[in-house]
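Student: Following this message is one structure expressed as structure tokens.
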Amino acid sequence: MSQYQRLFLMVGDDMRHTPALERAAALAHATGATLHICAIVEELDTLGLLSGDEHRNQTRVEDSRQWLADEATLLHENGIRVSTEVVLTRDLLGATLDQVAEIEPDLLIKDVLHEPAYKRLLFTPLDWQLLRECPCPVHLVSAVHCPLPRVVVAAVDPTHPEHPHNDLNETVIQAASDLARQCNAELHLLHVCDSAHTHMADFGAGTITMPGFGSDVRKSIHKAFEHLAKLHNVPEERLHFLSAPITRSIADFVAHNRTDVLVMGNHPRKLLERLTGSTTEHVIDHNLCNVLAVKAVA
């Protein structure tokens, strides 16, 4: 991946200065990329035209358009090239993917939307849908301690070098390295071993289950992890090899380390994984940190 050229920030109609907006502006300023901001407004249609929804929809669109114009003026004054658009739609995912197809951005940036548990049982969250369907990398932002990331962590899985999805390790590390380089940030590598089962649905090579996880296997994986780090010139003090249940380990790691962005991978999923969600999807649900998700090469 080369220097960022086009960034796409997706916002709603709440017209707030959010962490994703702050991150997008900082990345655009640092890289010289053009920033396209699209407010995607979900169309109201509760009782039809008699309810006044048409008028309220137009008011929301005009309010969003004015807010974006004001934000664009501020961004222009800071030397950022920016364009804006407001889309009224009943299909949030479809409208977003249409924008991605038109703009062809290097990165889609969006605030994490935390859905209530009961709603996730009935509907697939929009953020999950974007992780699955969006062709470009997706940066989901929960909170921004620094406008530009200072520590970028690539989550990898070196367990099975011969696995057909092993190229996802390279994709994850390359995306993390590119982001770190453009932000003058530190690049770290992370691998999590579950002592009971190795089940890395998203961390790199794919899904592997090995009951009776022994010390010899752990040593072998640790050696492969160190070899991967050497290939990418990541120093020893920036390597993190953990042994515990995956999501809990990530939570503990993020809580005790200066992690600004965790770069994770998505690979094509089977039906069961689509129903239960992946590691990456559960990480963003738990509000652990800012995630940059990249796809495996098909």
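The values are calculated or read from the model by the stated rules, or taken from the named source; none is laboratory data. Here the structure is a predicted model, which is why all the values come from computation and not from measurement. Here the Cβ positions follow ideal geometry from the backbone for every residue, glycine too, while neighbour counts run over all protein chains shown. The protein model used for the area step is the full one, side chains on, heavy atoms only, and it has no ligands, DNA or RNA in it. Shrake-Rupley method; radii C 1.70, N 1.55, O 1.52, S 1.80 Å.
Each row is one residue, and each column tells you yes or no for (1) over 17 Å from residue 104 (Cα atoms); (2) open to solvent by less than 30 Å² (accessible area, probe 1.4 Å).
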| site | (1), (2) |
| --- | --- |
| 8 | no, yes |
| 16 | yes, no |
| 21 | yes, yes |
| 33 | no, yes |
| 36 | no, yes |
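Student: Can I ask one more? Give all pairs with beta carbons closer than 7 Å in which a residue from segment 135-151 that is under 15 Å from residue 257 (Cβ atoms) meets a residue that is among the charged types (D, E, K, R) and open to solvent by less than 30 Å² (accessible area, probe 1.4 Å); count only pairs at least 6 apart in sequence or on separate chains.
Tutor: What qualifies is 145/260; 146/260; 149/260; 150/260; 151/260.
Student: Any idea which of (1) touching a helix residue (DSSP H, G or I) at 6+ places or on another chain (Cβ under 6 Å); (2) at pLDDT below 95; (3) under 26 Å from residue 57 (Cα atoms) is the one residue 35 doesn't satisfy?
Tutor: (2)
Student: Could you check segment 115-141 and list, in sequence order, the residues that are assigned to a loop (DSSP other than H, G, I, E, B), modelled with pLDDT under 90 and either not assigned by the TED database to the domain that holds residue 25 or not acidic (Asp, Glu) (or both)?
Tutor: 116, 123, 124, 125
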